[in-house]
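Read through the structure below, which is laid out as structure tokens, and then see the notes.
The values are calculated or read from the model by the stated rules, or taken from the named source; none is laboratory data. Since the structure is predicted, the reported quantities are computational estimates derived from the model, not experimental observations. Note that each Cβ is placed from the backbone with ideal geometry, even for glycine, and that neighbours are counted across all protein chains shown. These area figures cover heavy atoms from the full protein model, side chains too; ligands, DNA and RNA do not enter into them. Shrake-Rupley method; radii C 1.70, N 1.55, O 1.52, S 1.80 Å.
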Amino acid sequence: MNQPALYPCFLGPYGENDQLLESLVVEFLRDHVYWRRNLHPEDLPAIPTGANRRPDYIEFESRLRRELHLLSAALKRSVPFHSPRYLGHMVSDLLIPGLAAQMLALPYNPNNVSADAAPITIDLELKAGLQLAAMLGWPADPAHDDCAFGHLTSGGTLANLQGLRLALALKAFPVALRAAGVPLPGVPDEDWEAFNTGPAVATALFAAWCDWRDALAPRERQGWQRRVDAQRIETLGLSDFLDRHPQLSTPCVFAPATAHYSWSKGMKMLGLGRAQLALIPGQAMRLDVDALQEALDDCLRLRQPVLMAVGVLGSTEFGTIDPLDRLADARDGMQARGLGFSLHLDAAWGGYLASLFRNADGGLRTRDEVGAGFREFPRPEVHRAFAAIPRMDSVTIDPHKLGYLPYGSGAFLCRDQRAIGLLAEDADYVFDGAPATDFFQRHRQLGRYIPEGSKPGANAAAVYVTHRVLPLDHGNFGRLQAQGILAAEAFMDEARGFIARIAPLATVAVPFAPDCNLVCLAMNPQGNRDVARMNRFMRGLHDALRASPEQPLQRGEYFGSMTTLRPEAMGAEDTARVLAALGLEADALDDGGEDRDRIVVLRHTLMNPFLLDAGGAGGGYLRGYFDYLERLVGAALAQEARAA
Ligand SMILES: *Cc1c(COP(=O)(O)O)cnc(C)c1O
């Protein structure tokens, strides 16, 4: 079942590729050492030959070794993410290209805050942004003015924050231009209109303003820059900005009920307030666009400004994919009616699945082409969603999730590079002299835009090199993504058998059919009507599926994760459906405490590249997992019966 193309990609469950990784690490560590020696070979060594025979040296080394041994021993109790027995969170084995590139770059310690501190890896970061943009279907030729732009972040959380920051800057900038009296054609002459131009018009206005300003004599240029800066929301703060513009009020953000909690964090960090984040209930955990449309109509009627609407491509809990084409239609419709706002796609999880939809020449593959080899993937709605990604204004993608790279690598992308200058800490014109026209020259001072300051260039090297070795199209990176989809199909097959076998003991349901490679299982002991008991039972199962640092790792046969279904997020219809599927009464959920207000489910992330290997005891890892689960259910019920 494994694809030979994946054989060299990972260290492997058994460390099969130990020699490959070891030779790379040793070779490039030596290479780094030679680089040091060759800088100025005429300099005498600062650490004398023989220093390693000094007693204090020896003492230092033994302390060092002791601590490293302790660390190494302690880490043996880590969660075995690399193993096909691990079906828990959104993490798996690491791609050797990324791991090797990151280790290679680490001793050079580049800081991608600016080109001064990272002459090489800054450009790799900008190129990685373009590689991801091309995968999404955005213009990615840096020779063009309206090329997309992307940079890395510590993770999806900060990329989402960056999305909010950029949307707010774009929303408020035309208001500042108007307030400063900049004599540019196209500046709206009413605040409401200026606050609602939508991101494309706002980007064009910002670009026009930059051109106009840069053509002025230096003194005049500075005067206008100061006047505009003084009116910007970033200068005034939300409260003073709104005081000056009584037509306007705090804009709200719409996100689906499945949205990751980073959206709540972002609203708090920006000072917009959690209350301005409106979660739209879903249909089977996908955004209900009709419900969103109603909310948007209300906003227009009540003159409530909207900052952005968020779509999710691969929800964190269920791997569901929102109808992005319909979301974009709704946005276009509202824009035409005078309520402009940004569209952000949270593809932290599912972003790399887009590689399955791309030909090597960058063209979009048809649904039939993508679906060859899969049973249902991609459903027509899912294909339409991927085809609609280019209509988004900004996107979050996590290389440290389905990019199989080490932690510390998220990515933020925006549709039009000209917008990002709005986030700059200083004026967008170049510090000394002519404005930068070259894409790389223009964006190299990354520290001006990003939420972080200093940040690892080694991660950028890892992302870039990985995308070069495994280009982001279906024949390369897509093969890896295909394994996840196949694993989800195989999981569903095994689940059907399990559901039938376990029926005398428990009622089992897959609450939401997955769109990609996350599958949840809900279970209720046979005949049970009490949600609290069901959840206790499920938490017990999850305890047995956890990598516990208190016991040897080998005691755990398989590893999983859990999440909870809440009626607020599911909506009435799905709540009723799921309860019925579990043999529970329609009113079984209540918020009377004691774990009765939600349904605990087991959550499985199917991303291990070797999950379909026959190596797992008897019939492969998935069969083995369900056998184990069957034994756990039996044992848990027997224990319950003894306790009663
Ligand atoms: C994981 C995830 C995030 C947060 O990303 P981090 O890298 O953990 O900060 C945001 N949104 C979605 C949909 C995610 O799956």
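May I ask you to give the average projected area over all directions of the convex hull of the Cα atoms of segment 439-503, in nm² rounded to one decimal?
About 8.1 nm², averaged over all directions.
Amide H neighbours of Phe512 under 5 Å, counting only residues 5+ apart in sequence or on other chains, H built in-plane at 1.01 Å?
Cys520
Whole-Hz Karplus ³J(HN,Hα) for segment 363-375, in order, using 6.51 cos²θ - 1.76 cosθ + 1.60 and θ = phi - 60°, x for Gly and Pro?
Whole-Hz 3J(HN,Hα) from phi for segment 363-375: x, 7, 7, 6, 4, 5, 5, 5, x, 4, x, 10, 7.
Using amide H atoms built 1.01 Å from N in the peptide plane, name the residues 5+ places from Leu87, or on other chains, whose amide H lies under 5 Å from its own.
Placed amide hydrogens put Phe559, Gly560 under 5 Å from Leu87.
What's the percent breakdown of Cα-Cα distances in segment 178-277 across 10 Å bins, shortest bin first?
Percent of pairs per bin, in order: 13, 37, 32, 15, 3, 0.
Output the Kirkwood hydrodynamic radius of segment 1-116, Cα pairs only, in Å rounded to one decimal.
18.1 Å
For segment 189-233, count all C-alpha to C-alpha pairs, find those more than 14 Å apart, and express that count as a whole percent of the total.
Cα-Cα pairs of segment 189-233 separated by over 14 Å account for 59 percent.
What residues qualify as long-range amide H neighbours of Ile280, i.e. H under 5 Å apart, gap of 5 or more or another chain, H built at 1.01 Å from N?
Ala255, Ala257
Mind running the shape call on segment 247-400? Use the C-alpha gyration tensor, a ≥ b ≥ c as the square roots of the eigenvalues: rounded below 1.5 for a/c, prolate if a/b tops b/c, oblate otherwise.
Prolate is the answer for segment 247-400, as a/c is 1.5 or above and a/b outweighs b/c.
Expressed as a whole percentage, what fraction of the accessible surface of the chain belongs to carbon and sulfur atoms when a 1.4 Å probe is rolled over the protein heavy atoms?
About 54 percent, which is the carbon plus sulfur part of the accessible surface.
Give me the distance in nm between label points sitting 7 Å out from Cα along the Cα-to-Cβ direction at Leu70 and Glu381, one decimal.
Label at Leu70, label at Glu381, 5.4 nm between them.
Points 7 angstrom from Cα along the Cβ direction at Tyr261 and Ala614: gap in nanometres?
4.4 nm
Of the DSSP beta bridges with both residues in the chain, give the percent that are antiparallel, rounding to the nearest 5.
Counting only bridges with both partners in the chain, antiparallel ones make up about 60 percent.
Could you give the accessible area per residue of segment 525-575, probe 1.4 Å, as a whole number in Å²?
I get 50 Å² per residue for this part.
Leaving out ligands and nucleic acids, note down the accessible area per residue over segment 373-422 with a 1.4 angstrom probe, in whole Å².
27 Å²
Rounded, prolate or oblate: which one fits the chain, using the alpha carbon gyration tensor with axes a ≥ b ≥ c (rounded when a/c is under 1.5, else prolate when a/b beats b/c, else oblate)?
Oblate shape, in that a/c is at least 1.5 and b/c is the bigger or equal ratio.
Using each residue's phi in segment 78-94, evaluate 6.51 cos²θ - 1.76 cosθ + 1.60 at θ = phi - 60° and report the 3J(HN,Hα) Karplus result to the nearest Hz, with x for Gly and Pro.
5, 6, x, 4, 6, 7, x, 7, 9, 10, x, 7, 7, 7, 7, 5, 9
First measure r as the distance between the Cβ atoms of Asn359 and Leu637, then evaluate 1/(1 + (r/R0)^6) with R0 = 56 Å and state the FRET efficiency to the nearest 0.05.
0.60
Over every pair of different alpha-carbon atoms in segment 60-157, take the mean of 1/r and invert it; report that Kirkwood radius in Å.
Roughly 17.2 Å, rounded to one decimal.
Below 8 Å between Cα atoms, with a sequence gap of 6+, how large is the relative contact order for the chain in percent?
Dividing the mean separation by the residue count of the chain yields 20 percent.
Going through segment 207-302, which chymotrypsin sites (Phe, Trp or Tyr not before Pro) have at most 15 other Cβ atoms within 10 Å and a DSSP loop state?
Passing both the DSSP loop test and the Cβ count: Tyr261.
How large is Rg/Rh for segment 342-399, to two decimals, with Cα atoms and a Kirkwood Rh?
0.97
For segment 340-351, in order, what is each residue's ³J(HN,Hα) by Karplus, 6.51 cos²θ - 1.76 cosθ + 1.60 with θ = phi - 60°, in whole Hz (x at glycine and Pro)?
x, 7, 8, 10, 10, 9, 8, 10, 3, 7, x, x
In the structure displayed, which of Lys265/Lys401; Lys268/Lys455; Lys127/Lys455; Lys171/Lys268; Lys171/Lys455; Lys171/Lys265 lie more than 26 Å apart, Cα to Cα?
Flagged as over cut-off: Lys171/Lys455.
Write out the GluC sites (Glu not before Pro) in segment 573-644 meeting two conditions: DSSP loop, and at most 13 other Cβ atoms within 10 Å of their Cβ.
Those satisfying the criteria are Glu585, Glu594.
Run the helix sum for the chain: -39,500 (n - 2.57) per DSSP H stretch of 4+ residues, divided by residue count, reported at 222 nm to the nearest 500 deg cm²/dmol.
-14500 deg cm²/dmol
How would you classify segment 124-477 from its alpha-carbon gyration tensor, with a ≥ b ≥ c the square roots of the eigenvalues: rounded for a/c under 1.5, else prolate if a/b is greater than b/c, otherwise oblate?
The shape class here is oblate.
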